[in-house]
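The values are calculated or read from the model by the stated rules, or taken from the named source; none is laboratory data. The shown structure was predicted, so the numbers you read here are calculated from the model rather than taken from an experiment. Cβ placement follows ideal geometry from the backbone for every residue including glycine, while neighbour counts extend to all protein chains displayed.
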Amino acid sequence: MAEREKELAKGVDWIVVLLYAIILATGILCIFMVEYKADLNVFQAFTSGKTDYSKQLIFGGICALLATFILLSDSKLYTAMANLSYVFGIFLMVLTFVIGKNVNGSKSWIPLGGGFNLQPAELCKIFTSLALAKYLSTQDLDFTKIKSQLIACAIALGPAMLSILQNETGLALVYFSFFIVMFREGLPGWILIVGFSFAALVVATLIVDPNTLAIILTLIAAIAVYVLRRQVKRSRSLLLFIVGIWIGCVGIQRFVVPYIFNNVFQCYQSTRIYAMVGKEYDCGQNRSTKKRESEDKKVAKPDDYNVRQSKIAIGSGRFFGRGFLKGTQTRGKYVPEQQTDFIFTSIGEAFGFMGSVGFLMLYAGLLFRIIWMAERQRSAFSRVYAYCVASIIFFHVMVNVCMTIGLFPIVGIPLPLVSYGGSSLLTFTILIFILLRLDMDRNKILR
């Protein structure tokens, strides 16, 4: 048994474990900074299980036991159970529509009793990573074929569609990070270009006057035809292609984007996105306005209140920060959801720009280490899974940090291993330690 433990200890990438532990400890420290009260006994508060930081410490202990169990498990278990776990995850997400608990307008939680809730959309990121790795590592898979690409997209976006129905837009966006993995495995680059172009067109639609933007798109199409005039003379299909793109872009700008903001998004979601680009949204155009009219009358805070307070808190930290437990904005409860979605504000205020950069370097080190691990895998399953983990963590960190400084709309995405929440902490722990277990068998071919 002792030899077995020594063998396992040798195979574990302890750099990833160390980074995991430091980031987790930082998260508990941040939650403590937000909730700290001078009249409380710190030791009793940490062991009471009544404060958020004490609960997060308990979650951390549970995750440590779970991580040990994962490292002692057989790596073949994860390839064998990949598809079944994905079906189970989809089942749990569907189950929320029946027995789900409504939290902050999102019916995406399953009550477990004792004040604890499970969010299947979080856990389903693990199952989706395993299922996508299983599919993309299939022998003789030709990922250049449209059919294979559509199946991979369906695996990745199935849970996203359910998340949208649960009113969990933020978690739904996370599943789009799997396109980075598919791009690494051979997905054509033009698909990503189309995606980024669509995003740029949406932003331009929000910023630029509709008629002006239509004229700009027309000029761009005319310039393209002029530059490619020789090719157009030889092939009329190229002209039709350019005209088709022009019609599509104008159609998206004039009809699709307004329809999405007025009929698909709720008023507060559209308002937050418009606020990000410095514009005001007229809720009178939104179909959900009448449903929310009585609620809106009770709300005194503007829709960009969270972001404004977050920017004030981070800005007050300046270069070196106010110091540990000296933040006035976060400790004064001015920043809403500061234990969860806006936890980064406590770091910015307490430790300033230098502390924030140092903290983000921990994530950068973790991501680079995971990518390095991915490239040394002999098994395609392990490589794809490693890229899934890296993509999910990168997306969470990027969106959460950009959200707190006003560069991205508020979508409710937690900061990995730092934001308060058992489901999120459990998810990232399982994601990382399954990767470590697969890496221990990196010289094997897992199918």
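You will find that of Leu57, Leu29, Leu24, Leu84, the residue that is assigned to a helix (DSSP H, G or I), at pLDDT 85 or above and within 15 Å of Leu431 (Cα to Cα) is Leu24 and no other. When the range 352-377 is limited to residues that are touching a Phe, Trp or Tyr at 6+ places or on another chain (Cβ under 7 Å) and hydrophobic (A, V, I, L, M, F, W, C), the one that is surrounded by the most Cβ atoms within 10 Å (Cβ to Cβ) turns out to be Ala374.
The selection criterion, being part of a helix (DSSP H, G or I), over 20 Å from Pro258 (Cα atoms) and in contact with a Lys or Arg (Cβ under 8 Å, 6 or more places away or on another chain), holds for Val174.
Scanning the range 391-406 for residues that are within 15 Å of the chain's Cα centre (by Cα) and among the aliphatic types (A, V, I, L, M) yields Ile392, Ile393, Val397, Met398, Val399, Val401, Met403. Any idea which residue in the range 402-436 is surrounded by the fewest Cβ atoms within 10 Å (Cβ to Cβ), counting only those that are of a type in the set (Val, Ile, Thr) and modelled with pLDDT of 90 or more? Taking the candidates together, the pick is Ile430. Do we find that Arg378 is assigned to a helix (DSSP H, G or I), in the same structural domain as Thr328 (by TED's automatic domain parsing) and either in contact (Cβ under 8 Å) with a residue 40 or more places away in the chain or not small (Gly, Ala, Ser) (or both) in this structure? Answer is no for this residue. Does Ile164 satisfy the criteria of being in a helix (DSSP H, G or I), over 30 Å from Leu239 (Cβ atoms) and in contact (Cβ under 8 Å) with a residue 40 or more places away in the chain? The answer is no for Ile164. For the range 171-194, check the following and say yes or no: at least one residue is without any contact (Cβ under 8 Å) to a residue 40 or more places away in the chain and polar (S, T, N, Q). The answer is no; no qualifying residue exists. Close contacts from the range 210-225, counting a first residue that is in a helix (DSSP H, G or I) and a second that is exposed (fewer than 14 other Cβ atoms within 10 Å of the Cβ), with Cβ to Cβ under 8 Å and a gap of 6+ residues or different chains, come to Ala221/Val243. Looking at the structure I just gave you, is Ile392 among the aliphatic types (A, V, I, L, M) and either assigned to a loop (DSSP other than H, G, I, E, B) or touching a residue at least 60 places away in the same chain (Cβ under 8 Å) (or both)? Yes: the conditions hold for Ile392. Is it the case that the range 131-139 has a residue that's of a type outside the set (Phe, Trp, Tyr) and either part of a strand (DSSP E or B) or over 23 Å from Ser379 (Cα atoms) (or both)? No, there is no match, as no residue in the range 131-139 is of a type outside the set (Phe, Trp, Tyr) and either part of a strand (DSSP E or B) or over 23 Å from Ser379 (Cα atoms) (or both).
Using the structure shown, decide if Phe43 is over 17 Å from Ile430 (Cβ atoms) and at pLDDT below 90. Taking the combined requirement at face value, the residue satisfies it.
Of all residues in the range 185-209, exactly one satisfies the criterion of being over 30 Å from Glu375 (Cα atoms), of a type in the set (A, V, I, L, M) and part of a loop (DSSP other than H, G, I, E, B), namely Val208. Inspect the range 117-130 for any residue being buried (at least 21 other Cβ atoms within 10 Å of the Cβ), touching a residue at least 24 places away in the same chain (Cβ under 8 Å) and over 26 Å from Ile62 (Cα atoms) and give the result as yes or no. No, because not a single residue in the range 117-130 is buried (at least 21 other Cβ atoms within 10 Å of the Cβ), touching a residue at least 24 places away in the same chain (Cβ under 8 Å) and over 26 Å from Ile62 (Cα atoms).
Within the range 409-423, the set of residues being more than 11 Å from the chain's Cα centre (by Cα) and not aliphatic (A, V, I, L, M) comprises Pro409, Ser419, Tyr420, Gly421, Gly422, Ser423. Scanning the range 378-387 for residues that are under 18 Å from Leu77 (Cα atoms) and crowded, with 23+ Cβ neighbours inside 10 Å yields Phe381, Ser382, Arg383, Val384, Tyr385, Ala386.
Contact map, the range 140-157: residues that are in contact (Cβ under 8 Å) with a residue 40 or more places away in the chain paired with residues that are surrounded by fewer than 18 Cβ atoms within 10 Å (Cβ to Cβ) and among the small types (Gly, Ala, Ser), Cβ distance under 8 Å, separation 6+ or inter-chain. Pairs shown: Phe143/Gly186; Thr144/Gly186.
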